1. Quick one: grab the alpha carbon gyration tensor of region 1-154, order the square roots of its eigenvalues as a ≥ b ≥ c, and give me rounded if a/c is under 1.5, else prolate or oblate depending on whether a/b is larger than b/c.
2. Helix by helix through the chain, keep the DSSP H runs that span 30 Å or more along the axis on Cα and average at least -1.0 on Kyte-Doolittle, and give those back in order.
3. Given H placed 1.01 Å from N in the peptide plane, which residues other than close sequence neighbours of GLU124 have an amide H under 5 Å from its amide H?
4. Run the quick spin-label model on PHE168 and ALA51: label points 7 Å from Cα toward the beta carbon, then report their separation in nm to one decimal.
5. Mind checking the full-extension length gain between LYS141 and VAL75? Use 0.36 nm per residue of separation minus the Cα-Cα distance, one decimal, nm.
6. Relative contact order, percent, of the chain when contacts are C-alpha pairs under 8 Å separated by at least 6 residues?
7. Using Cβ contacts closer than 10 Å as the measure, can you line up CYS136, CYS106 from fewest to most?
8. Using only Cα atoms, figure out Rg for region 1-81 and give it as a multiple of 2.2 N^0.38 Å.
Amino acid sequence: MQMIMPAFAAVIVIFALVRRVPVFDSFVLGARDGLRTLYQIAPAILGLMFAVSLLRSSGAIEVLCGFLAPAAKAVGFPVEVVPMAMLRPVSGGGSTALLISVFEDCGPDSFAGRVASILAGSSETTFYATAMYFGCVGVKKTRHTLVAAVAADLTAMVLSAVLTRIFFG
């Protein structure tokens, strides 16, 4: 199992050498293009990281969760999962940490744990992905992308609770 990645890399290099591709030159060009891409998207990614850090350290997420808790209870969404649902469109790492927190507090086989699992698997880091992909190609106007993506995230939220009730009782 430990040899899969080295073997894969060796196969690529051997294939390139057989086809007479300048392997090192191709690698250097790819690395240069990767750094260019990083340079283009770094401001958006740093801005998102700063915003998430600011929201978490200021306590704004807890205040907003407290505000949304009655609505979540009314629609049958577990209150313990609300912070993760809010953070998921912005930060994959942050939402994964909150997923683990739900597992530790409620248990992975609890209603909240199952809802959180389904939500984690069926939603995307919308704002991160939009900033990254559109930043790479220089798109300034996202048009309907964010509205559609947020609608998909809300759909994932609602259906995660509904499907957990249907399949797990």
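1. Judged from the Cα gyration tensor, region 1-154 comes out prolate (a/c at least 1.5, a/b above b/c).
2. The answer, listed by residue number, is 23-58, 145-168.
3. Hits under the 5 Å cutoff: none.
4. 3.1 nm
5. 20.4 nm
6. Relative contact order of the chain: 21 percent.
7. Ordered by Cβ neighbours within 10 Å, fewest first: CYS136, CYS106.
8. 2.03
Laboratory data are not the source of any read-out in this text; all were calculated from the coordinates shown. This structure is a prediction, so every number in the text was calculated from the model and none was measured. Heads up, the Cβs are rebuilt from the backbone with ideal geometry, glycines too, and the neighbour counts pull from every protein chain shown.
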